[in-house]
Amino acid sequence: MKTKEEQFMLRALKLAQKGGRAVAPNPMVGAVIVKKGKVIGEGYHKEFGGPHAERNAIKSVKNPDDLRDATLYVTLEPCRHQGKTPPCLELIEEVGITQVVCGSSDPFQKRTKDYGLRTKLLNGPVAKQCKELNKFYFTWIEKKRPFVSVKVAVSADGFVAGANGEQVWLTTKAQDKEVHQARADHQAIMVGINTILNDDPELNVRHVKGADPLRVILDSKLRIPKSSKVLKNQNYLIATTSVSEQALDHLRIRVWVSPTKTHICLQRLLKYLAKEGISSVLVEPGPTLYKSLKKQNLIDELMVYQSNKKLTKGLSIDL
């Protein structure tokens, strides 16, 4: 049985989810204002640079006098700093809200309790849901890199591709939909050059609604063909170790050149993406890229799709 506090926070969570990728790299936040046990206002963060959830919730209350001595339930503690919008805590105090219940604390700032309002940080399963909702944001703030999700499809006998790296379809239609939802949820998708050469993928979002992610291709020697499907849209970045003017003219591409000339430094690349406002990357790797990510402890979440199909031979990875 959920407590009243948990019920109000679950409503705030449902609102927060509406923000989706539109708010990235900012967190998804929902807010509910309660007076005498009844919801009198609610709102969520709708887009990056737009009003925060708390402001939208306060604005939704028809009678400003009702805000006095009300309680605000918010999935992430309110901001106290000046960013693209003014500090929410100042407005909360100004309108007369006296208590704030937070679903999770914000590592970007000091705790709200230091501000003077009566505050409470929720614990338990609902609080865990609040933190899980913004795992991309927390990683972006705390580790100064995007959250890295890795998707792998494996045959019944342990292979991820054919003997020469050729593509083999190992997921069902339902699983394909899940993968494309993951693409829509992440700001960027990353693959190695062999995936481009063997499969010529578009790396876009299909089967579900959502914006295409930034395509990041690891191509140390710039072998990507000009005819590659992934180059038809300008929303991509080629990570390489060196680049010539001829190559730039040939490909008309955005290029990130690794400071390590012998290989692409994944940690430096991820930090660069973070500075560009990318808080989440979905990696669909081949064996080499997967091994590098695992060795450097850069995998935050592993999505494994196990197929019933047997290949008898091919390329494998060590999960």
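The values are calculated or read from the model by the stated rules, or taken from the named source; none is laboratory data. Note that the coordinates shown come from a computational prediction; the quantities given were computed from them, not determined experimentally. Here Cβ is always computed from backbone atoms with ideal geometry, including for glycine, and neighbour counts include all displayed protein chains. We work out accessible area using only protein heavy atoms, side chains counted, and drop any ligands, DNA or RNA first. Shrake-Rupley method; radii C 1.70, N 1.55, O 1.52, S 1.80 Å.
Binning every alpha carbon pair distance of region 172-275 at 10 Å from zero, what are the percents per bin?
In order of increasing distance, the bins hold 15, 45, 32, 8, 0 percent.
What percent does the relative contact order of region 1-100 come to when contacts are Cα pairs within less than 8 Å and at least six residues apart?
24 percent
So with the 1.4 Å probe, I'd like the accessible area per residue for the chain, rounded to whole Å².
With all protein chains present, the chain gives 51 Å² per residue.
Normalise the Cα radius of gyration of region 1-46 by 2.2 N^0.38 Å (N = residues in it) and let me know the number.
For region 1-46, the normalised Cα radius of gyration comes out at 1.22.
Calculate what fraction, in whole %, of the accessible area of region 202-319 sits on carbon and sulfur atoms when a 1.4 Å probe is rolled over the protein chains.
The nonpolar share, carbon plus sulfur, comes to 48 percent.
Once you have the Cα-Cα distance between Glu301 and Lys46, take 0.36 nm times their residue separation minus that, and quote the gain in nm to one decimal.
89.2 nm
Once you list every other residue whose beta carbon is under 13 Å from the beta carbon of Arg183, what net charge do they have if Lys and Arg are +1 and Asp and Glu are -1?
0
Per 10 Å bin, what is the whole-percent P(r) computed from every C-alpha pair distance within region 1-107?
Pairs per bin, as whole percents: 17, 53, 28, 3.
Given a 1.4 Å probe and every protein chain left where it sits, what share in percent of the accessible area of region 2-148 is carbon and sulfur?
Carbon and sulfur together cover 49 percent of it.
Starting from the Cα-Cα distance between Asn308 and Lys4, subtract it from 0.36 nm times their residue separation and give me the gain in nm to one decimal.
Going from the current span to full extension adds 104.9 nm.
Springs between alpha-carbon atoms under 10 Å, Gaussian network over the chain: tell me which of Asn194, Asn56, Asn297 tops the mean-square fluctuations.
Asn297
Any idea how far apart Ser242 and Lys62 come out in nm if each label point goes 7 Å out from Cα toward Cβ?
Here the answer is 7.1 nm between the modelled labels.
Against the empirical 2.2 N^0.38 Å scaling, what ratio does the C-alpha Rg of the chain come to?
So the chain has a normalised radius of gyration of 1.16.
Can you give the extra length, in nm with one decimal, that the chain gains between Ala174 and Lys36 once fully stretched, where that is 0.36 nm per residue apart less the Cα-Cα distance?
Going from the current span to full extension adds 45.2 nm.
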